[in-house]
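What follows is a single structure, written as structure tokens, with notes after it.
Derivation of every value follows stated rules applied to the coordinates shown; laboratory data play no part. Quick caveat: nothing in here was measured; it's all calculated off a predicted structure. Reconstructed Cβ throughout: ideal geometry from the backbone, glycine too, with neighbour counts over all protein chains shown.
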Amino acid sequence: MGNEVTLEKLLNLVKSYNPDEVDKIRKAYEMADNFHYGQRRNSGEPYIIHPLNVAYILAELHADGNTICAGLLHDTREDTEATWEEIVAEFNEEVATLVEGVTKISGYASDRSLINTRKIIMGITTDVRIIIIKLADRLHNMRTLQFKRPEKQKKIALETLEIFVPLANYLGVYRIKSELEDLSFFYLKPDSYKKVSEDVQVFQEQNKAMLEKVLADIRSLLINEGIPVEIKARVKNIYGVYKQLEQNHQLKDIHDLLALRVIVDEVKQCYYALMVIHSLYRPFNGQIKDYIFNPKTNLYRSLHTTIFGPNDQLIQTRIRTHEMDRIGSYGFPAYWDIYKGEARHKMQKLLTDKFQFFKSLTELDEMFSDNAEFVEQVKKELFTENIHVYTPKGEVIELPLGATIIDFAYRIHTHIGDQMTCA
Ligand code: MN
């Protein structure tokens with residue numbers, strides 16, 4: 001297979017953004033390879049393939065050298081004779097601490113699963129990189145889940161959907177989040193997965209030419225206005241579509257099923273681009289969102305507008321700068337690129353200062369000594385899903401799952417909430 005990850009491929013990728021760390025990473029690979037010598041995965045492959053893939057996923061996020069070393073060594077403390085002292089002697093305390101952090105929250109031990117879930121969640125407060133390594137670890141395990149027994153597959157998929165997907169979402173790592181969602185969905189509901197992915201594929205084929213035309217029109221108009229632009233087409237992930245269909249939406253009514261990403265150089269060009277796009281295609285009222293001056297809790301920034309393309313097909317358009325685009329795809333780990341050497345401290349500080357959920361997490365941890373209660377509360381308060389409700393005018397309102405008609409009334413206007421008598 002051509003897309004197999006090799007040491008050379010990993011080192012080349014690291015070389016492209018952080019050439020100084022290549023030797024250290026090669027050393028970590030050799031150490032991990034020695035420790036795992038003779039061990040095999042369920043697939044029959046040598047064990048080292050797993051940490052190598054985890055390291056590669058981290059390198060795709062442009063992780064720092066210590067994090068990639070820890071990714072390579074992440075299973076050595078649990079599954080081999082490697083000691084803390086050896087890792088410190090060969091590398092440094094930071095690598096050893098990261099490996100230790102990942103080790104503490106490893107395994108799917110059923111009797112300890114609530115304690116483990118708590119550790120996974122609280123790992124974010126010690127060093128967010130522990131969670132990012134854990135996400136990469138889970139992603140590779142999910143990609144190779146076919147080698148596990150069916151009951152185990154379902155169990156791991158469910159845990160992924162309940163714990164890792166919300167964590168990836170909170171850190172804004174959308175790439176990993178969508179892949180984890182689709183893989184979990186594939187194992188939890190194989191029939192629905194098959195149906196939805198086939199339907200999406202047909203729909204995509206039918207609209208391909210139309211989407212390409214819209215893309216070309218927007219591009220040439222912006223280029224004519226002297227705005228350098230990069231435009232990418234994107235299709236919503238299978239699980240995301242499934243969730244919308246479950247709410248009785250039709251495929252063609254999902255406002256972000258077909259989406260364009262319009263990437264420009266500067267913030268002011270984003271607003272100019274919005275105007276240009278609206279002059280070409282009629283916007284869908286209520287779907288214009290300014291996440292640039294009103295960023296999402298995970299620091300996501302972008303302008304959103306849904307337009308009526310030819311045939312009145314809805315197309316979601318996200319307009320952003322290159323930096324916003326990087327954060328949009330990679331989320332928190334994008335700061336590795338933005339802050340380089342200082343990223344580690346910046347990331348943790350950002351998390352403490354700006355992330356509301358981080359504060360709630362620390363509070364909940366102090367409040368609940370019982371693990372079951374803690375996990376229950378965290379899921380309730382932090383991992384709440386949103387629902388989308390349409391007003392009679394066709395506007396979409398976002399409310400937390402479980403919200404009632406009264407919440408809806410208040411969201412439209414406090415007057416309506418105060419005066420409503422029935423619905
Ligand atoms: Mn692992």
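Give me the compactness ratio for the stretch 261-356, meaning the Cα radius of gyration over 2.2 N^0.38 Å. Intermediate values should be presented prior to the final figure.
Working: Rg = 15.4 Å, N = 96, 2.2 N^0.38 = 12.5 Å.
That ratio works out to 1.24.
Please state, to two decimals, what the Cα-based radius of gyration of the stretch 197-273 comes to when divided by 2.2 N^0.38 Å (N = residues). Dividing the Cα radius of gyration by 2.2 N^0.38 Å gives 1.29.
Write down the Kirkwood hydrodynamic radius of the stretch 158-300, to one decimal in angstroms, obtained as one divided by the mean of 1/r over all alpha carbon pairs.
On the way: mean 1/r = 0.0584 Å⁻¹.
Evaluated on the stretch 158-300, it is 17.1 Å.
Between ASP407 and THR80, the simple label model (points 7 Å from Cα in the Cβ direction) yields a spacing of 4.9 nm. Placing one identical point scatterer on every Cα of the stretch 236-300 and ignoring solvent, what is log10 I(q)/I(0) from the Debye formula at q = 0.11, 0.21 Å⁻¹? Result of the Debye calculation: -0.36, -1.10. As a length-normalised measure over Cα pairs under 8 Å and 6 or more apart, the relative contact order of the chain settles at 12 percent.
Counting pairs of alpha carbon atoms under 8 Å apart in space and at least six apart in sequence, what relative contact order in percent does the stretch 234-362 give?
Working: 172 pairs, mean separation 29.7, N = 129.
About 23 percent, as a whole number.
How fast does the chain diffuse by Stokes-Einstein, in µm²/s, taking the Kirkwood radius from C-alpha pairs at 37 °C and 0.692 mPa s?
Value of D from the Cα-based Kirkwood radius: 140 µm²/s.
With the simple spin-label model, which puts each label point 7 Å out from Cα in the Cβ direction, the LYS213 to ASP418 separation comes to 5.0 nm.
Stretch GLU8-THR391 to full length: gain in nm at 0.36 nm per residue minus the Cα-Cα span? Intermediate values should be presented prior to the final figure.
Details: separation 383, 0.36 × 383 = 137.88 nm, distance 5.48 nm.
Between GLU8 and THR391, full extension yields an extra 132.4 nm.
Projected label points at THR362 and LEU188, each 7 Å from Cα along the beta carbon direction, are separated by 3.1 nanometres. Could you run the Debye sum over the Cα atoms of the stretch 1-150, one equal point scatterer each and no solvent, and tell me log10 of I(q)/I(0) at q = 0.11, 0.15, 0.18 Å⁻¹, two decimals? Listed by q, the Debye log ratios stand at -0.39, -0.74, -1.09.
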